[in-house]
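Asker: There's a structure below that I have some questions on.
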Protein chains: 4
Amino acid sequence: MTTSSLKKIGVYTSGGDAPGMNPAIRAAVRTALSQKVEVVGILNGYVGMIENRMITLQMRDMANIIQRGGTILKTGRSAEFMKPEYRATAANNLKAQGIDGLICIGGDGSFRGAQLLGAEHKIPIIGIPGTIDNDVYGTDDTIGFDTAVNTALQAIDKIRDTADSHDRIFIVEVMGRNSGWIASHVGLAGGAEEILTAENIISVDKIVENLKNSRARGKTSSIIITAEGQKPGRAYDLSDAIRKKSGLDAKVCILGHQQRGGTPSAHDRILASRLANAAVEALLAGRNNTMIGVQADKLVEIPLDLVTSKEKPGDKTLIHLARLLSI
Amino acid sequence: MTTSSLKKIGVYTSGGDAPGMNPAIRAAVRTALSQKVEVVGILNGYVGMIENRMITLQMRDMANIIQRGGTILKTGRSAEFMKPEYRATAANNLKAQGIDGLICIGGDGSFRGAQLLGAEHKIPIIGIPGTIDNDVYGTDDTIGFDTAVNTALQAIDKIRDTADSHDRIFIVEVMGRNSGWIASHVGLAGGAEEILTAENIISVDKIVENLKNSRARGKTSSIIITAEGQKPGRAYDLSDAIRKKSGLDAKVCILGHQQRGGTPSAHDRILASRLANAAVEALLAGRNNTMIGVQADKLVEIPLDLVTSKEKPGDKTLIHLARLLSI
Amino acid sequence: MTTSSLKKIGVYTSGGDAPGMNPAIRAAVRTALSQKVEVVGILNGYVGMIENRMITLQMRDMANIIQRGGTILKTGRSAEFMKPEYRATAANNLKAQGIDGLICIGGDGSFRGAQLLGAEHKIPIIGIPGTIDNDVYGTDDTIGFDTAVNTALQAIDKIRDTADSHDRIFIVEVMGRNSGWIASHVGLAGGAEEILTAENIISVDKIVENLKNSRARGKTSSIIITAEGQKPGRAYDLSDAIRKKSGLDAKVCILGHQQRGGTPSAHDRILASRLANAAVEALLAGRNNTMIGVQADKLVEIPLDLVTSKEKPGDKTLIHLARLLSI
Amino acid sequence: MTTSSLKKIGVYTSGGDAPGMNPAIRAAVRTALSQKVEVVGILNGYVGMIENRMITLQMRDMANIIQRGGTILKTGRSAEFMKPEYRATAANNLKAQGIDGLICIGGDGSFRGAQLLGAEHKIPIIGIPGTIDNDVYGTDDTIGFDTAVNTALQAIDKIRDTADSHDRIFIVEVMGRNSGWIASHVGLAGGAEEILTAENIISVDKIVENLKNSRARGKTSSIIITAEGQKPGRAYDLSDAIRKKSGLDAKVCILGHQQRGGTPSAHDRILASRLANAAVEALLAGRNNTMIGVQADKLVEIPLDLVTSKEKPGDKTLIHLARLLSI
């Protein structure tokens, strides 16, 4: 057991919610309490930090939350937190509560806020990557990604039933603003013929040519996956373009926010438990300004400065494999 | 066992596919074969009837299909079938195959085609109501409705996770072109605050007033369900209107075609088995031009003329109850 | 709105838990509160009534419980409550809380306790049938039954995958102590070859003969469903008997308590909402000593005396249909 | 594209079936066909190899199988294959079909058969680890493991609902004959208090002590996970022992064969696709007598001699973490 100089830590979830945030909260709280360190839950991320909405968390508050989607601490995005005066207010609130260390569960936007707060107000902070998008530099995997992929896949399996019954083409838009991680994984697992991401741009001419070739080979239904990109709804534009070029009718499905919810998968609960346990251990051991991530299935520490300044590249291998196997 | 004068019957699925069509096919085929009546599967509904795409179905072809979404006979919509000359072609194909009776699994559009074919070409036809929309007159329940409601509900449970984590308003658009059956059931079961259907039109002013009241009462997140109506995408219009009136931000989710697929629920498998068994029994007993439906949990026969000429009214009771309980 | 003489009612869940109890609690509480009647939740059924474990329930306590399995009021069985002195204690506790009416959610065992309490201590009580077994007289359907059937069915679909991959026979034991309702529904929906219940006893000789016949017809895998009956584990005895008679190897799966849990189906949430809303309306309208049930899809009131003195017969129609269709 | 000297390869699944075998077959077949190499599917593993039950596999045969549990090639265990004369028969059958290379999807028992066949009859063989148990040396992960863990977890989530409603202790037995991989993952993800495996043996005294301590700390329900070990049903023995020592009543659930079935998770579909694609590439590139596995998320080749002679150790880290976090 670490003998830490910290007496009370704060835990919060920030940015888009992700399935597995609750098991992460549970693991953080119980790890801390088992070392006689008190825990305060900060509600709605930086919003609650500014507005001083905080609750004490006990062992039994963590009962029966491991399987729940969403986050019991709620989450939020705060434009105000980008201004120093609001960060000062937040720091005062933390000080008033006696909080001398923070665990931030979120994506790189949330970590940027954490860095500023930590630097300006001398509060040690450890980050845990929690976002369905899997777009955080320094970690192979983020909490919520596996669940989101499975949720999207289950929807696609259902869409495939109807695609196959009607010999139809479907364009399915999945989440992933700047990143194609969900798209590439869902596409390979869902047997998609085509996967479009920011990193894998295919011309409408090429798509139409591929569709015609696959129909010629006897394939009667097709599924095209597209990441939502900067603007949700691009699937409609693609469908229109395909129709104009070829006369082919491609139905559109936009999976939307259901991808954020649902009971976390086994993988995400285990990942969340490991990361959050290690994050609290690191915080109590005096570490600061880093994220606990996972690389090649081992837990690692990455400085937040790296995490927030670098881009995580996508993985085009899966897209190529999906294309080969969907022939 | 009926001693029927029929020697060979045709089975087809038509219109929008619905989960439970496969158990219906299985029950129809096995009931017929157990009475020494041969069965031909007609592919893609009236399209396959015109194009003579038919396959012989045996006992073992029905193995392991009871749990599958979609329809192994595929389905289709045929504009051509509305013209007498194409129906004559279809009738000739049926005759050439030796088919002397038909089982049509579909909705009222499909039954209209069946009526014309039967009347013009003296082929006895029994209908089985198969559509997720539950909008067929003469039956309380259609094959696929229960599964579609559960599929939509599971998506809404996930959306609720994120709605609750972010204190957000969501507008969720479910299927149901002219009918609000899915919307009313999903809305009550999903704890929706507001349910909009063709039969339950609520002004944007009223919606905004209700939302403001519920926020004042401490409700932090809300779900509004809307049936897609004539034009999918109305949820976007509603979201815009709410924003303009009130500044409230309501996120949009359009559940789309996933509602058509998926493994059929227990209820739909049982309903499909009962209806299809009774339909074949009725056909072999010399009945014609009727649909087998269910009323007050009893199987009934309804003349197709009634089924296709009358509208099934929606049920506003559930909508009122949903509103009362979502306070 | 009813103007009731009742000021405060108590709600409890009792006996085996069933998915849908939470939506029933939600509907009861919100119906009462919307009529300015206060609500107390009694914990762990009669145990909490005796031990005075009660909590005040407010509108917002009902948020986000509609989708949860189990019961937030917990449930229990109390041998002590069968003794008049403990019922007197319970009645005193209710009186001390100012409770002047009760809503009991449970099965017929729970209703027997309610009758005694109501008769001896002049407390009006309305029952709501909540049990996965569907064995309550006077109602076609009980809260939790549809969910339990679907849970068992999903397990059987998985078992079918492996049965089919290995050409195996499986005996699957489902819940249902004295009743074969789950067995008959799951059996038909799951494509079972044989369904054994207290009301449908089949000799081992006959089972072996049927299995041999189906193998001769080319069927390579088979699923036999058995209700657990008085003693869970009978599936093992059956497997042994089949092996001794025939040398056929039948694997055993006992589905067990997972059938009690899980998020309630749409059907059960709607049923629970309707029954609980009507039950509170009835209680406030001065009704007493009855159960709200559903018959032919209409809500009905049945005197508790009838409910607890009569047996609900099983439905053998489904078993016969299952057998016919599993050929 | 490799220009391989192989003209026709055989693919088979062997031993216990695992979700993800179908995506593995799909990937193997399509990879080979895309390189103009023919593919034969061998049915029921070594049984079909001996009995010459083989089918030609084409591109379109692979349509719509990626989401299916079980294996379309069926599987089997063959005691006869352990005898050289039967392997000679099998080799002759392969030769007669023109098969000059094999892909074996299974566990280490299946690989032992493959080694013998390959060594005696000069047929190049590449193995793909497919088993829910994750007990194959040389690979971090096997096809089917992730799905089985999630299936067991979903059952445990349901059992938790009823455990919590009744304040009960449950002992849940999961699969894993010699290996505790499923138990440790499910236990951590399911919030189990205690996880018993061959490598983590805990005395009944200690279990009772822990249970009493956790009750004293206010924990009202507990879940204990046990791997089935050599003999399914050990959960009953444990429950008896706990009752005798302490009077505590622990309910038993044996999850059984449902853990083998079900639609494969995204993870397993992706893993299966990657492994099978690489396995065929390796076979066509002239590799032999190795398994394609995954280590630290990278594909690797491991000699079958190592795979079948070494034990893969369990991972006690998760068990310790589970215990810490279930306080």
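Asker: In region C:6-20, how many are touching a strand residue (DSSP E or B) at 6+ places or on another chain (Cβ under 6 Å) and within 14 Å of chain D (Cβ to nearest Cβ)?
Answerer: 6
Asker: Also, I was wondering about something else. Just to be sure before I move on: is D:Ile105 modelled with pLDDT of 95 or more, surrounded by fewer than 20 Cβ atoms within 10 Å (Cβ to Cβ) and either within 21 Å of D:Asp268 (Cα to Cα) or not assigned by TED's automatic domain parsing to the domain that holds D:Leu116 (or both) in the structure I sent?
Answerer: On the way: modelled with pLDDT of 95 or more: yes; surrounded by fewer than 20 Cβ atoms within 10 Å (Cβ to Cβ): no; either within 21 Å of D:Asp268 (Cα to Cα) or not assigned by TED's automatic domain parsing to the domain that holds D:Leu116 (or both): yes.
The answer is no for D:Ile105.
Asker: Name, by its number, the condition in (1) in contact (Cβ under 8 Å) with a residue 12 or more places away in the chain; (2) farther than 23 Å from C:Thr75 by Cβ; (3) surrounded by 15 or more Cβ atoms within 10 Å (Cβ to Cβ) that does not hold for D:Leu248.
Answerer: (2)
Asker: Looking at region B:74-90, I want the residues that are in contact (Cβ under 8 Å) with a residue 24 or more places away in the chain and have a partner that is surrounded by 18 or more Cβ atoms within 10 Å (Cβ to Cβ) and acidic (Asp, Glu) with Cβ atoms under 7 Å, at least 6 apart or on another chain. Which pairs are those?
Answerer: From region B:74-90, the pairs are B:Thr75/B:Asp17.
Asker: From the list C:Gly247, C:Gly233, C:Gly286, which residue is more than 16 Å from the chain's Cα centre (by Cα) and not assigned by TED's automatic domain parsing to the domain that holds C:Asp167?
Answerer: Details: C:Gly247 fails: not assigned by TED's automatic domain parsing to the domain that holds C:Asp167; C:Gly233 fails: not assigned by TED's automatic domain parsing to the domain that holds C:Asp167.
That would be C:Gly286, the only listed residue that is more than 16 Å from the chain's Cα centre (by Cα) and not assigned by TED's automatic domain parsing to the domain that holds C:Asp167.
Asker: Oh, and also: State all residues of region A:126-137 that are buried (at least 24 other Cβ atoms within 10 Å of the Cβ) and in contact with a strand residue (DSSP E or B) (Cβ under 8 Å, 6 or more places away or on another chain); if no residue qualifies, say none.
Answerer: Step one: of region A:126-137, the residues buried (at least 24 other Cβ atoms within 10 Å of the Cβ) are A:126-134, A:136.
The answer is A:Ile126, A:Gly127, A:Ile128, A:Pro129, A:Gly130, A:Thr131, A:Val136.
Asker: From (1) in a loop (DSSP other than H, G, I, E, B); (2) within 21 Å of D:Ala183 (Cβ to Cβ); (3) of a type outside the set (A, V, I, L, M), pick out the condition that doesn't hold for D:Gly138.
Answerer: Tallying (1) in a loop (DSSP other than H, G, I, E, B); (2) within 21 Å of D:Ala183 (Cβ to Cβ); (3) of a type outside the set (A, V, I, L, M), D:Gly138 fails exactly one: (2).
Asker: Next question. Being outside any loop (DSSP other than H, G, I, E, B), aromatic (Phe, Trp, Tyr) and under 18 Å from the mean Cα position of the chain (by Cα) is the requirement here; does D:Tyr86 meet it?
Answerer: no
Asker: Taking the residues in region A:21-73 that are charged (D, E, K, R) and in a helix (DSSP H, G or I) as candidates, determine which candidate is farthest from the other protein chains (Cβ to nearest Cβ). Walk me through it before giving the result.
Answerer: Of region A:21-73, the ones charged (D, E, K, R) are A:26, A:30, A:36, A:38, A:51, A:53, A:60-61, A:68.
Now restrict to residues that are in a helix (DSSP H, G or I): A:26, A:30, A:51, A:60-61.
Values: A:Arg26: 7, A:Arg30: 5, A:Glu51: 13, A:Arg60: 6, A:Asp61: 11 Å.
Filtering region A:21-73 for residues that are charged (D, E, K, R) and in a helix (DSSP H, G or I), the one farthest from the other protein chains (Cβ to nearest Cβ) comes out as A:Glu51.
Asker: Still on this structure, I have one more. Conditions first: (1) at pLDDT below 95; (2) within 11 Å of chain C (Cβ to nearest Cβ); (3) surrounded by fewer than 24 Cβ atoms within 10 Å (Cβ to Cβ). D:Asp157 passes all but one, so which condition is the exception?
Answerer: Here D:Asp157 clears every test but (1).
Asker: Give region B:285-301 a look and list any residue that's within 14 Å of another protein chain (Cβ to nearest Cβ) and either out of contact with any Gly (no Cβ under 8 Å at 6 or more places or on another chain) or of a type in the set (S, T, N, Q) (or both), or say none.
Answerer: Answer for region B:285-301, where residues must be within 14 Å of another protein chain (Cβ to nearest Cβ) and either out of contact with any Gly (no Cβ under 8 Å at 6 or more places or on another chain) or of a type in the set (S, T, N, Q) (or both): B:Val294, B:Gln295, B:Ala296, B:Asp297, B:Lys298.
Asker: Condition test on C:Ala148, is it closer than 14 Å to D:Gly256 by Cβ, within 14 Å of chain D (Cβ to nearest Cβ), buried (at least 23 other Cβ atoms within 10 Å of the Cβ) and aliphatic (A, V, I, L, M)?
Answerer: Details: closer than 14 Å to D:Gly256 by Cβ: no; within 14 Å of chain D (Cβ to nearest Cβ): yes; buried (at least 23 other Cβ atoms within 10 Å of the Cβ): yes; aliphatic (A, V, I, L, M): yes.
No; evaluated as a whole, the condition is false for this residue.
Asker: Checking the condition assigned to a loop (DSSP other than H, G, I, E, B), among the aliphatic types (A, V, I, L, M) and either in the same structural domain as D:Pro303 (by TED's automatic domain parsing) or over 26 Å from the mean Cα position of the chain (by Cα) (or both), which residue from D:Ile99, D:Ile126 passes?
Answerer: Values: D:Ile126 fails: assigned to a loop (DSSP other than H, G, I, E, B).
So the residue among D:Ile99, D:Ile126 that is assigned to a loop (DSSP other than H, G, I, E, B), among the aliphatic types (A, V, I, L, M) and either in the same structural domain as D:Pro303 (by TED's automatic domain parsing) or over 26 Å from the mean Cα position of the chain (by Cα) (or both) is D:Ile99.
Asker: Do we find that A:Arg77 is at pLDDT below 95 and within 14 Å of chain B (Cβ to nearest Cβ) in this structure? Before you say what the answer is, go through the steps one by one.
Answerer: Values: at pLDDT below 95: yes; within 14 Å of chain B (Cβ to nearest Cβ): yes.
It is true that A:Arg77 is at pLDDT below 95 and within 14 Å of chain B (Cβ to nearest Cβ).
Asker: Could you tell me which residue of region D:302-320 is nearest to the other protein chains (Cβ to nearest Cβ), considering only residues that are under 19 Å from D:Ile223 (Cα atoms) and in contact with a helix residue (DSSP H, G or I) (Cβ under 6 Å, 6 or more places away or on another chain)?
Answerer: Filtering region D:302-320 for residues that are under 19 Å from D:Ile223 (Cα atoms) and in contact with a helix residue (DSSP H, G or I) (Cβ under 6 Å, 6 or more places away or on another chain), the one nearest to the other protein chains (Cβ to nearest Cβ) comes out as D:Leu318.
Asker: Is it true that C:Ala114 is more than 30 Å from D:Lys158 (Cβ to Cβ), assigned to a helix (DSSP H, G or I) and among the small types (Gly, Ala, Ser)? Working first, answer last.
Answerer: Working: more than 30 Å from D:Lys158 (Cβ to Cβ): no; assigned to a helix (DSSP H, G or I): yes; among the small types (Gly, Ala, Ser): yes.
Against the criterion (more than 30 Å from D:Lys158 (Cβ to Cβ), assigned to a helix (DSSP H, G or I) and among the small types (Gly, Ala, Ser)), C:Ala114 does not qualify.
Asker: A further question on this structure: D:Lys36 passes all but one of (1) free of Cβ contacts under 8 Å to residues at least 24 places away in the same chain; (2) under 13 Å from C:Ser165 (Cβ atoms); which number fails?
Answerer: (2)
Asker: Run D:Leu43 past the list (1) out of contact with any Leu (no Cβ under 7 Å at 6 or more places or on another chain); (2) within 29 Å of D:Gly256 (Cβ to Cβ) and report the number of the one that doesn't hold.
Answerer: Exception for D:Leu43: condition (1).
Asker: Would you confirm, using the coordinates I've provided, whether D:Ile55 is among the β-branched types (Val, Ile, Thr) and under 29 Å from D:Arg177 (Cα atoms)? Steps first, answer last, please.
Answerer: Working: among the β-branched types (Val, Ile, Thr): yes; under 29 Å from D:Arg177 (Cα atoms): no.
For D:Ile55, the condition - among the β-branched types (Val, Ile, Thr) and under 29 Å from D:Arg177 (Cα atoms) - is not met.
Asker: Criterion first (under 24 Å from C:Asn150 (Cα atoms), of a type in the set (Val, Ile, Thr), free of Cβ contacts under 8 Å to residues at least 60 places away in the same chain and crowded, with 17+ Cβ neighbours inside 10 Å) does D:Val174 satisfy it?
Answerer: Details: under 24 Å from C:Asn150 (Cα atoms): yes; of a type in the set (Val, Ile, Thr): yes; free of Cβ contacts under 8 Å to residues at least 60 places away in the same chain: no; crowded, with 17+ Cβ neighbours inside 10 Å: yes.
So D:Val174 fails the test.
Asker: Within region C:289-327, how many residues turn out to be in the same structural domain as C:Gln35 (by TED's automatic domain parsing), touching a Lys or Arg at 6+ places or on another chain (Cβ under 9 Å) and not in a helix (DSSP H, G or I)?
Answerer: So the count comes out to 5.
Asker: Just to confirm my filter: which strands (runs of 3 or more DSSP E) fall fully inside region D:179-275 and include at least 2 residues that are within 14 Å of chain C (Cβ to nearest Cβ) and β-branched (Val, Ile, Thr)? Walk me through how you get there before you give the answer.
Answerer: Working: elements: D:194-196, D:222-227, D:250-254.
Fully inside region D:179-275 and qualifying: D:222-227, D:250-254.
The values are calculated or read from the model by the stated rules, or taken from the named source; none is laboratory data. A quick note: this is a predicted structure, and the numbers were derived from the prediction, not measured. Counting neighbours? That spans all protein chains shown, and the Cβs are built from the backbone with ideal geometry, glycine included.
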